[in-house]
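We did not get these values from a lab; they are worked out from the coordinates using the rules stated. Just so it is clear, the model here is predicted, and its values are computed rather than measured. In this analysis, Cβ positions are derived from the backbone assuming ideal geometry, glycine residues included, and neighbour counts consider all displayed protein chains.
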Protein chains: 6
Amino acid sequence: MTDELLAKGRAVQAQLWPAVASGPTGAFPAAKLAPDFYRYVAESAFGMLWSRPQLAIRDRSLVTCAQLAALGKTEELKAHLRGALNVGITQEELVEVLMQTAVYAGVPAANEALKTAAEVFGIE
Amino acid sequence: MTDELLAKGRAVQAQLWPAVASGPTGAFPAAKLAPDFYRYVAESAFGMLWSRPQLAIRDRSLVTCAQLAALGKTEELKAHLRGALNVGITQEELVEVLMQTAVYAGVPAANEALKTAAEVFGIE
Amino acid sequence: MTDELLAKGRAVQAQLWPAVASGPTGAFPAAKLAPDFYRYVAESAFGMLWSRPQLAIRDRSLVTCAQLAALGKTEELKAHLRGALNVGITQEELVEVLMQTAVYAGVPAANEALKTAAEVFGIE
Amino acid sequence: MTDELLAKGRAVQAQLWPAVASGPTGAFPAAKLAPDFYRYVAESAFGMLWSRPQLAIRDRSLVTCAQLAALGKTEELKAHLRGALNVGITQEELVEVLMQTAVYAGVPAANEALKTAAEVFGIE
Amino acid sequence: MTDELLAKGRAVQAQLWPAVASGPTGAFPAAKLAPDFYRYVAESAFGMLWSRPQLAIRDRSLVTCAQLAALGKTEELKAHLRGALNVGITQEELVEVLMQTAVYAGVPAANEALKTAAEVFGIE
Amino acid sequence: MTDELLAKGRAVQAQLWPAVASGPTGAFPAAKLAPDFYRYVAESAFGMLWSRPQLAIRDRSLVTCAQLAALGKTEELKAHLRGALNVGITQEELVEVLMQTAVYAGVPAANEALKTAAEVFGIE
């Protein structure tokens, strides 16, 4: 029944993370423990929401990075910063979003997000 | 010394909230208690960050609405939803951003933000 | 495609809130603004997760009240405290959960949740 | 067994809120629902921690206001701003603490706290 | 005066973590720095609240895991997932609780909690 | 224009972290990625707020440690615990602030902050 949702979700994920979508991926420990969860995310978050045409995928990606930075969700931020670059957002734009996070979520949240971005962008 | 920063900040605020900028505004209680704070916000948040050319004001507005929804800051969200409409973001785009908030900050945060948006958009 | 999910979700919602499910309900403002969102919640939260047999609905209800109290999501907590009573959790058990919230989320979160519970339980 | 803790806690509460401690107070709804909780708070928070001599009560009061502002716990902040005035902290010092909250918890948290303070200080 | 509370608290802790309670445990650095804090937790959290008969220890454990997952408190979640297994909650039930966390606290919180659970359950 | 603000901010930072201010410091990755952000923090947080005479630097430092502990911002807490010692706050006072955090932000936040403090204070 939900195969169609899964396909729609996978199509969005392939835009954000083409390398992951095209290559073989062994399941990580949490995916072994709860495979249904990762299918649920693909179907609900990506298949039901991200795939909607009412907002450009670039905008969805930008606001997701902003929210993850504000909420201090570093691991997910890493993945979505990579996704943002893949849908055409520049490093410079991402840095601005993360800097501005200081205003709404505080300097420590912005600082942590910029450290994460430096790691994702390969800056040493 | 910081008059230049204040002018830059006020110019950004006038784009977001032209009605407020053009008309007379009596100080609200918190502004009477801490006038320096509201000048600080104009200078630092708007004069030092929002005024930077590295990110479009439309994008700054969109990510701000997204962060305020994720953080549950309803009062500030009201003001920034109004600002978003003034810099060219559509109601439909804002609704999508708020719906997607459910994925990253949970359904209650999205629900609260949509109720706030309905109020701002005059839906009864 | 997702009609089956919706039906499963509605069945769970009817256990939690039988009065709402059986009577006529005019759409509230946010539901007029974003009808797709409330269908999304019914399908994804209730149809895809709450309907799974791996955890009793009583346990799902109890942990939901606990999380909403910890996160300070008062409006949603009201609805779920009502739902909890409908699936057989007692007022006394709910009070204990909310008191214990003080340990993990702080005294103010517990205090706010107990005030909400007093309102839901009709205590004046 | 815990009467001694309760007495120690009540002594601290009487320093923060002498008017409450000296006059008659009818139980509010949450206190009727969960009287044990409010005794628990008096014994554990005030009797076990606030009463310790390792930190001045003025400092305890100041950091509590700061934390409540950062966490957005407005109701509790009201009570503790009143308490702060009663243990010798000035309005000016409290305003500075709340302004600085913008740096660590974001401008919306500081803004909300200053609005709360204006209400507590009777500014219209 | 509080020895009785400590004994009650220790009895609860022994149900959750029998191995810790029965064997020798050298103090970890934070316990050397603030021994009074860990005694405070045993007395107030476990002696005053967890020991109350109004809610089953299984339910207390379940809601604690749910709250820690929602709040992103990973270290404490590890300890309480171990405790949950010791009071009879199954891995399958815990996975369901953590999956459902996505609805109320967002997908990143659920994802982080499931990674923590995979580690606690020894899944590689 | 903002050189004066920067100088005021640097003067405050030198009180909190004299070793950093006096010695050579290579830029860390995030500072290479977003040098403007760290200048922004020096000017706005320290130059515009911390430098104000309305509150003693000791009090600013104490409430900052308290807020960072409550918000779970561990990295920033490390830096500010060091700063607190440099402006005359004792280890014993800091431990009390962190213990009391349990009341307002929950036991896990206090526990995490005390672990951080043990590391900063060199306790093994």
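For the residues F:Val12, F:Val87, F:Val41, a GNM of chain F with alpha-carbon springs under 10 Å puts the largest fluctuation on F:Val41. Remark: region E:78-95, residue by residue, has Karplus-estimated 3J(HN,Hα) of 3, 4, 6, 5, 4, x, 4, 4, 6, 9, x, 7, 8, 4, 5, 5, 5, 4 Hz, where x stands for each Gly or Pro and the curve is 6.51 cos²θ - 1.76 cosθ + 1.60 at θ = phi - 60°. With coordinates expressed along the principal axes, the C-alpha atoms belonging to region D:83-123 extend over 28, 17, 14 Å, beginning with the largest. Applying the Kirkwood pairwise sum to the alpha-carbon positions of the protein assembly as shown produces a hydrodynamic radius of 26.6 angstrom.
Sorted from shortest to longest, the distances between the D:Ala56 label points of this copy and the other copies are 0.5, 5.2, 5.5, 5.5, 5.7 nm, with each point 7 Å from Cα along the line through the beta carbon. Here F:Val20 yields copy-to-copy label distances, from shortest upward, of 3.3, 3.4, 3.4, 3.8, 4.8 nm, the label point defined as 7 Å from Cα along Cα to C-beta.
Considering helices alone, the calculated mean residue ellipticity of chain E at 222 nm is -21500 deg cm²/dmol, with DSSP H runs of length four and up weighted by -39500 (n - 2.57) and normalised per residue.
Its residues counted as N, chain F yields a C-alpha radius of gyration over 2.2 N^0.38 Å of 1.10.
Rg and Dmax of region D:52-124, both derived from C-alpha coordinates alone, stand at 11.4, 39 Å.
The H on the amide N of B:Arg52, modeled in the peptide plane, is under 5 Å from the matching H of no residue at least 5 residues off or on a different chain.
With its label point put 7 Å out from Cα toward Cβ, C:Thr90 sits 2.7, 5.0, 5.6, 5.6, 6.5 nm from the same residue's point in the other copies, in order from shortest. Between F:Ala30, F:Ala19, F:Ala70, the Gaussian network model of chain F with springs among Cα atoms under 10 angstrom shows the greatest mean-square fluctuation at F:Ala30. Across region A:42-50, coupling constants 3J(HN,Hα) worked out from phi with the 6.51/-1.76/1.60 Karplus curve, θ = phi - 60°, read 4, 6, 7, 5, 8, x, 8, 10, 4 Hz, and Gly and Pro carry x. About the centre of its Cα atoms, chain E shows a dipole size close to 260 debye [charges on the beta carbon of Lys, Arg (+1) and Asp, Glu (-1) only; nearest 20 debye]. Among residues of chain B, the one whose beta-carbon sits closest to the B-to-F rotation axis is listed with its distance in Å as B:Ser44, 2.
Each Lys and Arg adds +1 at its Cβ and each Asp and Glu adds -1 at its Cβ; summed about the Cα centre, the protein assembly as shown shows a dipole of about 0 debye. Peptide F:115-124 is shielded by partner chain Cβ atoms: per residue, an average of 4 of them sit within 10 Å of its Cβ. Toward the positive end of the charge dipole of chain E, with +1 on the Cβ of Lys and Arg and -1 on the Cβ of Asp and Glu, the farthest Cα among E:Ala7, E:Thr64, E:Val87 is that of E:Ala7.
How long is the gain from E:Glu119 to E:Lys32 if the chain were fully straight, where each residue apart is worth 0.36 nm and the alpha carbon distance is subtracted?
Working: separation 87, 0.36 × 87 = 31.32 nm, distance 2.73 nm.
Extra length from E:Glu119 to E:Lys32 when fully extended: 28.6 nm.
Taking a straight line from the alpha carbon of D:Lys115, these lysines sit under 27 Å away, with near neighbours fewer than eight places off in the same chain left out: B:Lys8, B:Lys32, B:Lys73, B:Lys78, B:Lys115, C:Lys73, C:Lys78, C:Lys115, D:Lys73, D:Lys78, F:Lys73. Overall, the ratio between the Cα radius of gyration of region B:14-79 and 2.2 N^0.38 Å, rounded to two decimals, is 1.22.
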